[in-house]
Amino acid sequence: MKVNSKGSQRRQPPQGTSAARLLLGATMVIAGSAALCGLVWIGNSHDRLAQRLMFDLGLAVTGLISAGAQVLILAGAWLMWRSWRQR
């Protein structure tokens, strides 16, 4: 245990936790960014596949995918920040 400036003890996480958090956070950020890039491609491309996906998914589903991707990016960035802060 580590003693902080106020004299109280603080528990330290296991050594591998920080690296696992960093890896999970980076994976989440990459997955969320890839999903958003895919949505931008679907919305802006003149390819037949993109147009078919745009109409098949609809506005509600693409909005949910976008919101989920943004949550992935923010949660992943938070995990990476927490792992860097503990070192």
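See the values below:
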item: Filtered residues of the range 58-73 (kept if in contact with a helix residue (DSSP H, G or I) (Cβ under 8 Å, 6 or more places away or on another chain) and either surrounded by fewer than 13 Cβ atoms within 10 Å (Cβ to Cβ) or farther than 13 Å from Leu24 by Cα (or both)); result: Thr62, Ile65, Ser66, Gly68, Ala69, Gln70, Val71
item: Matching residues in the range 30-57 - criterion: being open to solvent by less than 50 Å² (accessible area, probe 1.4 Å) and without any contact (Cβ under 8 Å) to a residue 24 or more places away in the chain; result: Gly38, Ile42, Gly43, Ser45, Ala50
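The values are calculated or read from the model by the stated rules, or taken from the named source; none is laboratory data. Please read all numbers here as calculations on a predicted model, not as lab measurements. Note: ideal-geometry Cβ built from the backbone for every residue, glycine included; neighbour counts use all protein chains shown. Ligands, DNA and RNA are stripped out before the accessible areas are found, and what is left, the full protein with its side chains, is counted by its heavy atoms. Shrake-Rupley method; radii C 1.70, N 1.55, O 1.52, S 1.80 Å.
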